[in-house]
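Visitor: There's a structure below that I have some questions on.
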Amino acid sequence: MIEPDTIKLLRECDAGIKMGVASIGGVLGHVSNSNFKRRLADCIQEHKMLDRELRGLLNQHHDEGKEPSPVAKGMSWMKTNMKLGLDGSDESIASLMTDGCNMGIKSLYQYLNEYQAASEEARDIAKRLIRLEELLSADIQKYL
């Protein structure tokens, strides 16, 4: 059945975008290198543009979307703040962001496999979100 898988995949993309934007926003003020900071800020904007498209699809299906898991948000916040408290370097931030990207990519591929009956539009959103995460991870390797 297409619609339930479509909604479920869109919800997971929604939660992923929110998690990504919050995570990047949480470290942005700690970044020293101006190019690194600009890349992260650009990534937030790219996520927000994709989110606008996602909102349109969710609205078509009369769905509100999904917030990230409170446990995932809490664990991410704790890891970020502990790591920044010990070492707030750009290298440390790049490591955190790379880990976050990899977790997001893995989760999104799992959801694509789980919700195979999702519409092509929903699958396209998920694939583009994966691509954003892959590009960010590749772009920030030089700061590791």
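The numbers here are math on the coordinates, done by the rules we state, and not lab data. It should be emphasised that the depicted structure is a prediction, and the values quoted were computed from it without experimental measurement. Reconstructed Cβ throughout: ideal geometry from the backbone, glycine too, with neighbour counts over all protein chains shown.
Visitor: For region 21-83, report the translational diffusion coefficient in µm²/s to the nearest whole number, using Stokes-Einstein at 4 °C, 1.567 mPa s, and a Kirkwood Rh over Cα pairs.
Guide: Working: Rh = 13.5 Å.
For these conditions, the coefficient is 96 µm²/s.
Visitor: Can I ask one more? Once the convex hull of the C-alpha atoms of the chain is built, how many Å³ does it hold per residue, rounded to a whole number?
Guide: It comes to 91 Å³ per residue, whole-number rounded.
Visitor: To continue, here is another question. Dipole of the chain, Cα-centred, from +1 at each Lys and Arg C-beta and -1 at each Asp and Glu C-beta, to the nearest 20 debye? Walk me through the intermediate numbers first.
Guide: On the way: 19 positive and 22 negative charges, 79 e Å.
Dipole about the Cα centre, nearest 20: 380 debye.
Visitor: On to the next question. Quickly estimate the mean residue ellipticity at 222 nm for the chain, helices only: each DSSP H run with n ≥ 4 gives -39500 (n - 2.57), and the total goes over all residues, rounded to 500.
Guide: Mean residue ellipticity, 222 nm, calculated: -28500 deg cm²/dmol.
Visitor: Of 8/127; 8/83; 48/106; 18/106; 8/37, which ones are farther than 23 Å apart at the Cα?
Guide: Details: 8/127 15 Å; 8/83 33 Å; 48/106 21 Å; 18/106 16 Å; 8/37 33 Å.
Those over the limit are 8/83; 8/37.
Visitor: Over all alpha-carbon pairs of region 75-144, lay out the pair-distance distribution in 10 Å bins, whole %, shortest bin first.
Guide: The calculated distribution, bin by bin, is 20, 39, 27, 12, 1.
Visitor: Around residue 106, with a cut-off of 15 angstrom between Cβ atoms, what is the net charge of the other residues, counting Lys and Arg +1 and Asp and Glu -1?
Guide: Numbers: positive: 127, 131; negative: 12, 99, 114, 133, 134.
Result for the local shell: -3.
Visitor: Lys and Arg at +1, Asp and Glu at -1: add these up for the other residues within a Cβ distance under 12 Å of residue 135 and post the number.
Guide: Details: positive: 39, 128, 131; negative: 42, 46, 133, 134, 139.
So the environment of residue 135 carries a net charge of -2.
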